[in-house]
1. In the set (1) 13.4; (2) 10.4; (3) 12.8, which value of mean projected area of the Cα convex hull in nm² was calculated from the structure you see?
2. Just add up the charged neighbours of PRO162: K/R +1, D/E -1, any other residue whose Cβ is under 12 Å from the Cβ of PRO162.
3. Counting Lys +1, Arg +1, Asp -1, Glu -1, what net charge surrounds GLU89 among other residues with beta carbon under 15 Å of its beta carbon?
4. Where does the charge balance sit around LEU11 when Lys and Arg score +1, Asp and Glu -1, over other residues with C-beta under 15 Å from its C-beta?
5. Springs between alpha-carbon pairs under 10 angstrom, Gaussian network model over the chain: which of THR83, THR145, THR109 fluctuates most?
6. Taking every DSSP beta bridge with both residues inside the chain, roughly what % is antiparallel (nearest 5)?
7. In nm, what is the difference between 0.36 nm times the number of residues separating GLN41 and LYS63 and their Cα-Cα distance?
8. For a test of understanding, tell me how many lysine pairs in the chain have Cα atoms under 18 Å apart, given they are 8 or more places apart or on different chains.
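Just so it is clear, none of the values below were taken in a lab; they were calculated from the coordinates. None of these values were measured; they are calculated from a predicted model. Virtual Cβ from ideal backbone geometry, glycine too; neighbours counted across all protein chains shown.
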Amino acid sequence: MFLPQTATALLPELARIGITVGGALKVAMMPLGYDDAILKQYGSVLAGVTVYSTTKPFEINDKGQEVFLKAMSDYAPEIQPATVDSAVEGWLSADLFLRGLREAGACPTRQSFITQLRKVTNYDGAQMTADNNVDLSTNYTQPSTCNFFTKFPPAGGTRFLPQNFGQPYCGKPISPAQEAALNH
């Protein structure tokens with residue numbers, strides 16, 4: 001697993017000694033990097049690298065993304081293109097915050113905000129996440145096991161390539177004992 005800056009420095013050096021993504025290096029994954037600026041600047045170096053995220057890739061172009069993009073165009077024109085991780089995370093944070101305020105009632109306190117938000121069992125993640133029905137009563141201790149996987153295109157490609165037809169892959173949680181055994 002790499003961050004974009006590390007991957008762009010390491011992958012060419014690995015390729016120089018014959019270790020390439022999809023060859024001897026079966027998979028290269030990053031938790032960040034789904035960003036058009038990174039694609040434009042480093043796309044040929046990162047060709048074949050996979051970025052995973054709990055948010056939908058914009059190549060899906062669904063309703064939640066359309067709402068987000070229109071609002072960003074209308075109210076934050078300085079953040080264009082808006083398809084960057086920080087803008088999406090900010091949007092989701094604001095959406096969750098507004099949901100918490102609605103749930104907390106007319107005179108919210110910090111405690112009522114937290115208590116009422118943790119009772120929500122159907123948060124839709126602004127229709128931009130892998131889980132469209134998040135149970136906030138459990139997700140702070142049991143995070144989502146669903147992620148979208150998007151690849152950098154072959155050298156010269158101009159668009160990210162969502163995997164699994166743009167659907168998330170969902171795993172199964174492992175127990176603390178299983179985790180300990182895996183880390184042993």
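1. Recomputing mean projected area of the Cα convex hull in nm² here picks out (1).
2. Net charge in that neighbourhood comes out at +1.
3. Its environment carries a net charge of -2.
4. Spelling it out: positives minus negatives among the neighbours equals +2.
5. Of THR83, THR145, THR109, the Gaussian network model singles out THR109 as fluctuating most.
6. Working: 10 of 13 bridges.
Percent antiparallel among DSSP bridges in the chain is about 75.
7. Taking GLN41 through LYS63 to full extension adds about 5.0 nm, to one decimal.
8. So the count works out to 4.
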